[in-house]
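Asker: Right, I'll just put the structure down here and ask away after.
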Amino acid sequence: MTSELYVGLMSGTSLDGVDAVLADFDAGQPRMIGVAQLPFDAALRRELLALNSPGENEIDRAALAGNALARKYAAAVAELLAGSKTPASRVRAIGCHGQTVRHQPGRGYTTQIGNAALLAELTGIRVVADFRSRDVAAGGQGAPLVPAFHAAVFADGAEDRVAINLGGIANLSFLPGSGAVTGFDSGPGNWLLDLWASRHLGATHDAGGNWAAAGQAIPALLERILEEPYFSAPPPKSTGRDLFNEGWLREKLRGDEDPQAVQATLLELTARSLANAVARHCAGARRLIVCGGGARNGALMRRLAQLAAPAALETSDRHGIDPQLVEAMAFGWLAKRTLDGQPGNLPSVTGARGTRVLGAIFPA
């Protein structure tokens, strides 16, 4: 019998583009069949970033940006299926995270745009989207949702582990050898690093963290930043650009700092806030498994390894999944959970009143 396949689509806080994966989840551990990655053009990236802040004519602009995203997603799906020589009829569903433009669980909502109805129309494939809203409706944070997937693919009963997603925002999943999985957003991941690099290098990111590594962190600035109450708040908690944005960063600066030193400080912030979170909430962890785009930042990985010692630090490559593709695969997996009528959230992570089947289904 031919197994059913799933497409996972992810475009995250870093706003670098769309990751698309084609996967088979029938054999227990996921099997990657195909990959496609499409960058965002500069105009779409600017508009998505602008929509994270109040502005003129937001409803119309968000709808148009959602349509543009749906077309980008559909192009990624077409490239994915063509590259893997897979007919659309073999795909049971597309799990589409969408693009977060506001995340306010404390006020009862989270908003991801992407026009799932248009995506279903363009691809001829059933789409599952809006995964976070049901968890928020149940009193949860709506994020992070990937710990359930992390537990399915990275947990090991022989040792306590932590899965770290170094995306635009960093989050972690504590995977104990026995007991409940927990997790939360620890704070900035790549987002502020990428923002500062774009302002001062004219590049989308600091390749390999080399610019930051050649600079010297500013202790007083790091201390001011770490005074942010979010870092000491207990989980469950989640965050995003609603808090950690350029305005927030500018408030911490005196105005005369060397830009390279600020970049070095932001790298130290990501590493230190993660290491502090692991020490406080994941005591006894022996292995840290890193995924997300930040896994390719050599300077960040080296610093995190120093702070995490004696725990071992490795990337998800060691476990058969490209770090850049773990989140996309997770949303394909969550789409399967939705269609199978199984819960996708972990109340021990999000704080929801109970497990819930997540997502809205848009038929082909």
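Asker: Looking only at residues that are of a type in the set (Asp, Glu) and outside any helix (DSSP H, G or I) in the range 26-61, which one is most open to solvent (accessible area, probe 1.4 Å)?
Answerer: Filtering the range 26-61 for residues that are of a type in the set (Asp, Glu) and outside any helix (DSSP H, G or I), the one most open to solvent (accessible area, probe 1.4 Å) comes out as Glu56.
Asker: Considering every residue within the range 341-350, establish whether at least one is free of Cβ contacts under 8 Å to residues at least 60 places away in the same chain and among the aliphatic types (A, V, I, L, M).
Answerer: No, because not a single residue in the range 341-350 is free of Cβ contacts under 8 Å to residues at least 60 places away in the same chain and among the aliphatic types (A, V, I, L, M).
Asker: Oh, and also: Which of the residues that make up the range 149-198 are of a type in the set (A, V, I, L, M), surrounded by fewer than 24 Cβ atoms within 10 Å (Cβ to Cβ) and in contact with a Lys or Arg (Cβ under 9 Å, 6 or more places away or on another chain)?
Answerer: Of everything in the range 149-198, just one residue is of a type in the set (A, V, I, L, M), surrounded by fewer than 24 Cβ atoms within 10 Å (Cβ to Cβ) and in contact with a Lys or Arg (Cβ under 9 Å, 6 or more places away or on another chain), namely Ala155.
Asker: Condition first: open to solvent by less than 10 Å² (accessible area, probe 1.4 Å) and in a loop (DSSP other than H, G, I, E, B). Can you find one or more residues in the range 79-97 that meet it?
Answerer: For the range 79-97, residues open to solvent by less than 10 Å² (accessible area, probe 1.4 Å) and in a loop (DSSP other than H, G, I, E, B): absent.
Asker: Assess whether Ala23 counts as being outside any helix (DSSP H, G or I), open to solvent by less than 10 Å² (accessible area, probe 1.4 Å) and closer than 26 Å to Asp185 by Cβ.
Answerer: yes
Asker: Now a separate question. (1) charged (D, E, K, R); (2) in contact with a Lys or Arg (Cβ under 9 Å, 6 or more places away or on another chain); (3) over 21 Å from Ala76 (Cβ atoms): which one isn't true of Arg107, the others all being true?
Answerer: (2)
Asker: Here is a list of conditions, (1) buried (at least 18 other Cβ atoms within 10 Å of the Cβ); (2) more than 17 Å from Arg241 (Cβ to Cβ); (3) not aromatic (Phe, Trp, Tyr), and Thr110 meets all of them except one; can you say which number that is?
Answerer: Only one criterion is unmet by Thr110, namely (2).
Asker: Residue pairs, Cβ under 9 Å, 6 or more apart or interchain, first in the range 255-274 and touching a residue at least 40 places away in the same chain (Cβ under 8 Å) and farther than 16 Å from Ala299 by Cα, second among the β-branched types (Val, Ile, Thr) and surrounded by 18 or more Cβ atoms within 10 Å (Cβ to Cβ). List them.
Answerer: What qualifies is Asp258/Ile218.
Asker: Hey, can you tell me all the residues within the range 327-364 that are more than 20 Å from the chain's Cα centre (by Cα) and closer than 19 Å to Asn171 by Cα?
Answerer: Matches in the range 327-364: none.
Asker: Give the residues of the range 289-312 that are part of a loop (DSSP other than H, G, I, E, B) and within 17 Å of Leu175 (Cβ to Cβ), sorted by residue number.
Answerer: Passing the criteria: Gly292, Ala311.
To keep it simple, each residue is scored yes or no on (1) touching a Pro at 6+ places or on another chain (Cβ under 6 Å); (2) aliphatic (A, V, I, L, M); (3) closer than 27 Å to Arg199 by Cβ; (4) modelled with pLDDT under 95.
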{"residue": "Ala27", "(1), (2), (3), (4)": "no, yes, no, yes"}
{"residue": "Pro30", "(1), (2), (3), (4)": "no, no, no, yes"}
{"residue": "Ala36", "(1), (2), (3), (4)": "no, yes, no, no"}
{"residue": "Pro39", "(1), (2), (3), (4)": "no, no, yes, no"}
{"residue": "Arg45", "(1), (2), (3), (4)": "no, no, yes, yes"}
{"residue": "Leu51", "(1), (2), (3), (4)": "no, yes, yes, no"}
{"residue": "Pro54", "(1), (2), (3), (4)": "no, no, yes, yes"}
{"residue": "Ala70", "(1), (2), (3), (4)": "no, yes, no, no"}
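Asker: How many residues does the range 119-132 contain that are on the phi < 0 side of the Ramachandran plot, touching a residue at least 40 places away in the same chain (Cβ under 8 Å) and open to solvent by 40 Å² or more (accessible area, probe 1.4 Å)?
Answerer: Count: 2.
Asker: Out of everything in the range 1-42 that is polar (S, T, N, Q) and out of contact with any Asp or Glu (no Cβ under 9 Å at 6 or more places or on another chain), what residue ends up being farthest from Gly240 (Cα to Cα)?
Answerer: Checking each candidate, the answer is Thr2.
Asker: Give Gly8, Gly66 a once-over and let me know the one that is closer than 20 Å to Ala152 by Cβ, at pLDDT 95 or above and touching a strand residue (DSSP E or B) at 6+ places or on another chain (Cβ under 6 Å).
Answerer: Step by step, each of Gly8, Gly66 is checked, and only Gly8 is closer than 20 Å to Ala152 by Cβ, at pLDDT 95 or above and touching a strand residue (DSSP E or B) at 6+ places or on another chain (Cβ under 6 Å).
Asker: Let me ask something else. Among the residues that make up the range 313-326, is at least one of them outside any loop (DSSP other than H, G, I, E, B), farther than 16 Å from Leu193 by Cβ, of a type in the set (A, V, I, L, M, F, W, C) and free of Cβ contacts under 8 Å to residues at least 60 places away in the same chain?
Answerer: Yes - at least one qualifying residue is present in the range 313-326.
Asker: Still on this structure, I have one more. Here are Ile361, Ile289: which of them is open to solvent by 10 Å² or more (accessible area, probe 1.4 Å), under 29 Å from Gln99 (Cβ atoms) and among the aliphatic types (A, V, I, L, M)?
Answerer: Of Ile361, Ile289, the one residue that is open to solvent by 10 Å² or more (accessible area, probe 1.4 Å), under 29 Å from Gln99 (Cβ atoms) and among the aliphatic types (A, V, I, L, M) is Ile361.
The values are calculated or read from the model by the stated rules, or taken from the named source; none is laboratory data. Model, not experiment: these values are computed from the prediction. Neighbour counts are summed over all protein chains in view; Cβ atoms, including those assigned to glycine, are modelled from backbone coordinates with ideal geometry. Ligands, DNA and RNA are stripped out before the accessible areas are found, and what is left, the full protein with its side chains, is counted by its heavy atoms. Shrake-Rupley method; radii C 1.70, N 1.55, O 1.52, S 1.80 Å.
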